[in-house]
Amino acid sequence: MRDLDSTLLRAFVTVAETGAVSAAAIRLARTQAAISMQLRRLEDDLGQRLLDRSPRGVQLTEAGHLLLPYAHTILGAGADARRALNAGQVAGTVRLGMLEDIAVGRLPRALRRFSAAYPQVALEIVVDSSAALSARLAEGELDLLVGDPAIVAAPPLMTWTQPLYWVGARGFVPSPDTALSIVAFGGSCLWQQQVLTILRRAGIAWRVVCTSTSLPAVQSAVEAGLGVSVLLEGNIRHESMRVLGRNDGLPDPPTADLGLFTRAAPHAQAAAVQTLQTFLCEELNIGLPEGRLAETSAVTP
């Protein structure tokens with residue numbers, strides 16, 4: 001059994017996270033043709049179709065969704081080895097704020113790897129809404145923040161877009177004769193308003209059957225078959241949920257805009273904050289060119 005080629009996996013992960021070959025090509029500093037060729041080589045190697053392609057972008061197939069967490073693990077292990085060998089004497093405390101949608105995805109697992117590579121860096125993590133995290137950043141209670149750039153009242157160090165996916169319970173099949181049942185996020189969720197606008201423009205009747213500000217509650221309602229919702233890839237429970245799409249009569253879902261924010265850290269903490277900042281750039285933007293990463297690392301708000 002051959003080892004999976006990490007270069008091909010990086011191309012696949014970047015396309016999955018950006019939702020387009022063109023965007024992945026820019027991020028990886030490659031041509032679109034080169035990225036497309038790498039995707040075909042990976043699909044040929046695995047004997048599985050990983051992506052559905054259309055003029056409007058790409059979407060993961062069932063096999064693609066299954067491969068994605070393994071690809072993250074394989075690429076992350078290589079990066080972790082480099083970090084452990086170059087950890088040096090980085091030490092200090094870093095206070096990180098995250099949205100709940102990010103906090104229950106793959107990032108917490110990545111942060112455990114960060115702690116293993118940098119045992120002298122103590123992480124203090126706060127999970128809250130973007131508005132609340134924005135206030136904490138302004139008051140000097142956070143060093144780094146991952147949140148919604150439309151809500152956080154600070155210039156982002158960098159921004160990126162992640163695709164959202166329609167999801168329903170494993171046995172859920174939308175009916176064209178009845179209004180689409182929606183499990184909605186409450187509060188100030190901008191993604192939810194985009195979802196309803198997209199359905200309205202597509203001429204799809206809908207009704208909200210459940211509303212919650214809690215991500216686990218939304219996930220549980222979807223698993224119970226109450227209706228459909230939109231989730232980030234890392235929040236989809238594939239053992240109990242099914243990704244829905246055009247074949248189910250649904251329009252393309254919106255995307256999620258996220259930003260990384262920081263503030264000047266005291267000298268004693270600066271190295272630890274910078275190290276976590278670089279780590280987050282790598283984890284949230286796998287394949288980001290080194291020149292761009294160095295450029296963002298030099299920015300101060």
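Could you run through region 108-143 and say how many residues are charged (D, E, K, R) and farther than 24 Å from residue 154 by Cα? Outline the logic, then answer.
In the first step, residues of region 108-143 are kept if they are charged (D, E, K, R); the result is 109, 112-113, 124, 128, 136, 139, 141, 143.
Next, only the ones that are farther than 24 Å from residue 154 by Cα stay: 109, 112-113.
Looking only at that region, the number is 3.
Only one residue in 132, 122 is in contact (Cβ under 8 Å) with a residue 24 or more places away in the chain and either surrounded by fewer than 19 Cβ atoms within 10 Å (Cβ to Cβ) or over 22 Å from the mean Cα position of the chain (by Cα) (or both). Which one? Explain how you work it out, then say what you get.
Values: 132 fails: in contact (Cβ under 8 Å) with a residue 24 or more places away in the chain.
Only one candidate qualifies: 122.
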Scanning region 166-205 residue by residue, those more than 22 Å from the chain's Cα centre (by Cα), among the small types (Gly, Ala, Ser) and under 23 Å from residue 60 (Cβ atoms) turn out to be 171, 202
In region 232-251, what count of residues is obtained for those that are out of contact with any Phe, Trp or Tyr (no Cβ under 6 Å at 6 or more places or on another chain), buried (at least 18 other Cβ atoms within 10 Å of the Cβ) and not in a helix (DSSP H, G or I)?
4
From 13, 94, which residue is crowded, with 17+ Cβ neighbours inside 10 Å and more than 28 Å from residue 164 (Cβ to Cβ)?
94
Per the list (1) more than 21 Å from residue 265 (Cβ to Cβ); (2) not in a helix (DSSP H, G or I), residue check on residue 76 breaks on (2)
Please give the number of the condition residue 156 fails out of (1) surrounded by fewer than 16 Cβ atoms within 10 Å (Cβ to Cβ); (2) assigned by TED's automatic domain parsing to the domain that holds residue 99; (3) outside any helix (DSSP H, G or I).
(1)
Show the residue pairs meeting these rules: Cβ distance below 7 Å; 6+ apart or different chains; first residue within region 187-207 and within 29 Å of residue 132 (Cα to Cα); second residue of a type in the set (Gly, Ala, Ser) and buried (at least 16 other Cβ atoms within 10 Å of the Cβ).
187/129; 188/129; 191/256; 192/184
Consider residue 111 carefully, then state whether it is touching a residue at least 24 places away in the same chain (Cβ under 8 Å) and either not assigned by TED's automatic domain parsing to the domain that holds residue 268 or not β-branched (Val, Ile, Thr) (or both).
no
Would you confirm whether or not region 38-53 contains a residue that is within 22 Å of the chain's Cα centre (by Cα) and at pLDDT below 85?
yes
Condition check for residue 203: outside any strand (DSSP E or B) and closer than 16 Å to residue 101 by Cα
no
Can you name every residue in region 214-231 that is more than 20 Å from residue 179 (Cα to Cα) and touching a helix residue (DSSP H, G or I) at 6+ places or on another chain (Cβ under 6 Å)?
215
How many of the residues in region 8-34 are farther than 26 Å from residue 231 by Cα and either basic (Lys, Arg) or part of a helix (DSSP H, G or I) (or both)?
4
From the list 213, 262, which residue is of a type in the set (Val, Ile, Thr) and buried (at least 18 other Cβ atoms within 10 Å of the Cβ)?
262
Need pairs with beta-carbon distance below 7 Å; first residue within 18 Å of residue 176 (Cβ to Cβ) and within region 244-261, second among the β-branched types (Val, Ile, Thr) and surrounded by fewer than 18 Cβ atoms within 10 Å (Cβ to Cβ); sequence gap 6+ or separate chains.
251/198
Among the residues of region 102-131 satisfying the criterion of being under 16 Å from residue 258 (Cβ atoms) and of a type in the set (Val, Ile, Thr), which is modelled with the highest pLDDT?
127
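Okay, residues lined up against (1) closer than 17 Å to residue 233 by Cα; (2) among the β-branched types (Val, Ile, Thr); (3) modelled with pLDDT under 95; (4) touching a strand residue (DSSP E or B) at 6+ places or on another chain (Cβ under 8 Å):
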position	(1), (2), (3), (4)
163	yes, no, yes, yes
175	no, no, yes, no
195	yes, yes, yes, yes
204	no, yes, yes, yes
Set 145, 199, 226: member being under 27 Å from residue 279 (Cα atoms) and either surrounded by 14 or more Cβ atoms within 10 Å (Cβ to Cβ) or of a type in the set (Val, Ile, Thr) (or both):
145
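The values are calculated or read from the model by the stated rules, or taken from the named source; none is laboratory data. These figures come from a predicted structure and were not determined experimentally. For neighbour counting, all protein chains shown are included, and Cβ atoms are generated from backbone atoms with ideal geometry for every residue, glycine included.
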